[in-house]
Amino acid sequence: MIKSMTGYGIGSHENGKVKYTVELKSLNSKFLELSLRLPKIVSDRELTLRTEASKLIERGKVNITVSVEYADQTAKASTINAALFKQYYKQLQEIAQDVGETNASLFQMALGMPEVVSANEDTVDEEEGKVLMGAFYTAIAHFTKFREDEGDVLKKDLESRVHLILSYLTQVEEVEGNRIPLIRERLSHYLDEAVGKENVDMNRFEQEIIYYIDKLDVTEEKVRLRSHCNYFIQGLNASDSSGKKLGFISQEMGREINTLGSKANDANIQQIVVRMKEELEKIKEQLLNVL
């Protein structure tokens, strides 16, 4: 089974006191690139989330966003040090009077002084951590299902294109039968015009024809191309299928198609080869999205 590199999943989990929501989005990438956006209160859980994501996501450019909602909105509210605020405010008033300043926003200035407002930086306890991870694993499950569904679509498209290449290969075999006799006839005609039929050494001519035809023989290329195509289809249906492996097979398919085109020496075959190349390019483009 193949999976798409593109994925999306969202999951929520709550226990009556707190609710966590985790959202995952991914695009194609050669490696795993994780980007996490976390509330400050769960910053100490970043390593755990990264480790689990690395094991479960494998590859892709992935954005993970975590949000939190508390039933008691004041539970994690910032606190104001009233005594320190008053002290700063009093000092600012005295300085303002000394310099003759009357329009200063002393209240805002006092609030902005060091340690007047302090955020609640308590870390989550074990119970809250389980809620967070529950939301994470739910998001992962939806994310994986999305990738599998997209992978089914990719699989059908890739299979159809490989079968199309195989059908083109059958067309090559259908038109190939006349290729060698035509080449022999054309060379014989050129030689007769050049030196005269009575001056041709037929034994030497046959030797040269055999050598030349051997250079144009595409039997090996056809066998290997068909083998690579079948191997590609097997890889699509394998349980451990991967985009990298399929990419390597597609490269081998490309080598045989290119050699087939260069050795064909036949306009009809070369036209078919062009269509093969077009389908192979589309296959390679699609493989960029396969995990």
Given a 1.4 Å probe and the protein chains all in place, what does the accessible area of SER167 round to, in Å² to the nearest 10? 40 Å²
From the phi of every residue in the range 57-70, what ³J(HN,Hα) in whole Hz does the Karplus formula 6.51 cos²θ - 1.76 cosθ + 1.60 yield, where θ is phi - 60° and glycine or proline is x? 9, 6, 9, x, 8, 10, 10, 10, 10, 10, 10, 9, 10, 9
Mind ranking 54-64, 39-49 by how tightly packed they are, going by the mean number of other C-beta atoms within 10 angstrom, highest first? 54-64, 39-49
Using a 1.4 Å probe on the protein heavy atoms only, what accessible surface does ASP72 show? Give it in Å² to the nearest 10. 80 Å²
In nm, what is the difference between 0.36 nm times the number of residues separating THR51 and LYS156 and their Cα-Cα distance? 34.5 nm
Which pairs break 22 Å Cα to Cα here: LYS30/LYS130; LYS25/LYS55; LYS3/LYS61; LYS61/LYS244? LYS30/LYS130
Å³ per residue enclosed by the Cα convex hull of the range 79-118: 50 Å³
Between ASN230 and LYS145, what is 0.36 nm times their sequence separation minus the Cα-Cα distance? Round to one decimal in nm. 27.9 nm
With r as the distance between the Cβ atoms of ASP240 and GLU174 and R0 = 51 Å, compute the FRET efficiency 1/(1 + (r/R0)^6) and round to 0.05. 0.90
Quick check: with the 1.4 Å probe, what order do LYS155, LYS145 take by accessible area, largest first? LYS145, LYS155
Taking MET5, MET109 and ranking on accessible area (1.4 Å, protein atoms only), highest first, one gets MET109, MET5
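Between LYS90 and LYS40, what's the calculated FRET efficiency when r is the beta-carbon distance and R0 is 30 Å? Round to 0.05.
E(calc), rounded to 0.05, equals 0.40.
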List ARG37, ARG224, ordered by accessible area with a 1.4 Å probe, largest first: ARG37, ARG224
Just the accessible area for TYR231, please: 1.4 Å probe, Å², rounded to the nearest 10? 110 Å²
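The values are calculated or read from the model by the stated rules, or taken from the named source; none is laboratory data. Quick caveat, the model's predicted, so the values are computed rather than measured. Using ideal geometry, Cβ is built from the backbone for each residue, glycine included, and neighbour counts are taken over all protein chains shown. Side chains included, ligands, DNA and RNA excluded: accessible areas come from the protein's heavy atoms. Shrake-Rupley method; radii C 1.70, N 1.55, O 1.52, S 1.80 Å.
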